[in-house]
Amino acid sequence: MPSQQHTHAFPSSRFSIAPMLDWTDRHCRYFLRQLSRHTLLYTEMVTTGAIIHGKGDYLAYSEEEHPLALQLGGSDPQALAHCAKLAEARGYDEINLNVGCPSDRVQNGRFGACLMGDAQLVADCVKAMRDVVSIPVTVKTRIGIDDQDSYAFLCDFIETVSGKGECNEFIIHARKAWLSGLSPKENREIPPLDYPRVYQLKRDFPHLTMSINGGIKTLEEAKTHLQHLDGVMVGREAYQNPGLLIQVDREIFGSTDPEPCPFAVVREMYPYIERELAKGTYLGHITRHMLGLFQGIPGARQWRRYLSENAHKAGADVSVVDHALSLIENKR
């Protein structure tokens, strides 16, 4: 399926699903795509080292996942440029540089949120990628790090990266990151959200495309943010409650297509599941991303429980999913 982003009234970045380590793998993205045709999907963060030196194919995806962005982790401009070029050749729609992840592992590799402290290096990284690809190169960042959390610090960062790096598009996680003392999980919850600061940033840099991320749980909240900004990125809520995406194409993108039915969506996954099982993929690696689909619907608990208890068993196949689905359909 060709990328939808050029065929629609709104750019795909108007609503996107955040890159989430161990969550937004290719099985997850294939599933989420059944729920929304227009939402921009992001890979998990992939480090330049994994792509260049790793044994596996870290750029693998299914054509159906478009529009699709690759999130890169790294701080070497040449390595990033090399990986960006590979990704463009593979058909990715966007390259995103991670300047937001606060984990220790990431800091030791000198990428993620600690890069906010070196705006010139981030600019060099973006410019190196922009020089070798024609697809968009974007930056996902925080509003500050540690004690460098003034609005002036944030403005200086954006000014340097957009000016010297020629970056036109930013996704702003509306929290600062504590680089020491907080776990990545705590960094998603403890630093307070500051949406007005992101709104102000858009007012001060009106020529840049800006999306907001952090704590967004409903499409109503997303619409409120879209009154101030160009895009909204949703993370954990979309993963734990993927049914949220069922209304996105109509509510956010103005599509007139009928909303997908969650039961039909599960059945549309069957051919994909069968193809993947034939390649040696375990059923549970796919169905773990589907557990939250029926949240709030009678039978949802039985669906989750049956899949959780049976998808990992030896020889588990599509019939496991079909039986789990029948547990909900019988409640209708």
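The values are calculated or read from the model by the stated rules, or taken from the named source; none is laboratory data. Everything numeric in this text was worked out from a predicted model, so none of it was measured. Cβ sites come from the backbone with ideal geometry, for glycine too, and all protein chains shown count toward neighbours. Quick note on the areas: whole protein, heavy atoms, side chains included, nothing else; ligands and nucleic acids left out. Shrake-Rupley method; radii C 1.70, N 1.55, O 1.52, S 1.80 Å.
Considering the range 133-227, there are no qualifying strands (runs of 3 or more DSSP E) wholly inside with 2 or more residues that are of a type in the set (Gly, Ala, Ser). Scanning the range 292-325 for residues that are open to solvent by less than 20 Å² (accessible area, probe 1.4 Å), farther than 20 Å from Leu277 by Cα and either in a helix (DSSP H, G or I) or not hydrophobic (A, V, I, L, M, F, W, C) (or both) gives Gly292, Gly299, Ala300, Trp303. Among the residues of the range 258-272, the ones that are in a helix (DSSP H, G or I) and not β-branched (Val, Ile, Thr) come to 8 in all.
Among residues that are farther than 28 Å from Pro271 by Cβ, open to solvent by less than 20 Å² (accessible area, probe 1.4 Å) and not basic (Lys, Arg), Leu59 is not included. Residue count for the range 280-310 under the criterion of being of a type outside the set (Ser, Thr, Tyr) and within 20 Å of Thr24 (Cα to Cα): the result is 15.
For every residue, the table says whether it meets (1) of a type in the set (Asp, Glu); (2) over 18 Å from Val198 (Cα atoms); (3) touching an Asp or Glu at 6+ places or on another chain (Cβ under 6 Å).
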site	(1), (2), (3)
Asp118	yes, yes, no
Val122	no, yes, no
Met129	no, yes, no
Ile145	no, no, no
Phe157	no, no, no
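Condition check for Arg275 on (1) in a loop (DSSP other than H, G, I, E, B); (2) within 19 Å of Ser62 (Cβ to Cβ); (3) without any contact (Cβ under 8 Å) to a residue 12 or more places away in the chain: one failure, at (1). Does the range 110-129 contain at least one residue that is modelled with pLDDT under 95, within 20 Å of Ala69 (Cα to Cα) and outside any helix (DSSP H, G or I)? Among the residues of the range 110-129, at least one is modelled with pLDDT under 95, within 20 Å of Ala69 (Cα to Cα) and outside any helix (DSSP H, G or I), which makes the answer yes. Scanning the range 247-266 for residues that are over 10 Å from Leu293 (Cα atoms) and either among the charged types (D, E, K, R) or touching a helix residue (DSSP H, G or I) at 6+ places or on another chain (Cβ under 8 Å) (or both) gives Gln247, Val248, Asp249, Arg250, Glu251, Ile252, Phe253, Ser255, Thr256, Asp257, Glu259, Pro260. Residues of the range 227-277 that are among the hydroxyl-bearing types (Ser, Thr, Tyr) and either in contact with a Lys or Arg (Cβ under 8 Å, 6 or more places away or on another chain) or open to solvent by less than 20 Å² (accessible area, probe 1.4 Å) (or both): Ser255, Thr256, Tyr272. Residue count for the range 189-198 under the criterion of being at pLDDT below 95 and open to solvent by 10 Å² or more (accessible area, probe 1.4 Å): the result is 3. The criterion of being surrounded by fewer than 21 Cβ atoms within 10 Å (Cβ to Cβ), at negative phi and touching a strand residue (DSSP E or B) at 6+ places or on another chain (Cβ under 9 Å) does not hold for Arg142.
Counting only residues that are open to solvent by 70 Å² or more (accessible area, probe 1.4 Å), at pLDDT 95 or above and under 19 Å from the mean Cα position of the chain (by Cα), the range 147-188 holds 1 of them.
Within the range 75-95, one or more residues are among the aliphatic types (A, V, I, L, M), in contact with a helix residue (DSSP H, G or I) (Cβ under 6 Å, 6 or more places away or on another chain), outside any helix (DSSP H, G or I) and closer than 28 Å to Tyr30 by Cβ. Is it true that Ala60 is among the hydrophobic types (A, V, I, L, M, F, W, C), without any contact (Cβ under 8 Å) to a residue 40 or more places away in the chain and over 30 Å from Asp149 (Cβ atoms)? Here the answer is yes, as Ala60 does meet what is asked. Among residues of the range 240-252 that are without any contact (Cβ under 8 Å) to a residue 12 or more places away in the chain, those with a beta-carbon under 8 Å from a residue that is open to solvent by 20 Å² or more (accessible area, probe 1.4 Å) and not basic (Lys, Arg) at least six positions away or on a different chain give the pairs Arg250/Thr256; Arg250/Asp257; Arg250/Glu259.
Those residues that are hydrophobic (A, V, I, L, M, F, W, C), open to solvent by 10 Å² or more (accessible area, probe 1.4 Å) and in a loop (DSSP other than H, G, I, E, B), I need them from the range 278-291; list them, please. Scanning the range 278-291 gives a single hit, Leu291.
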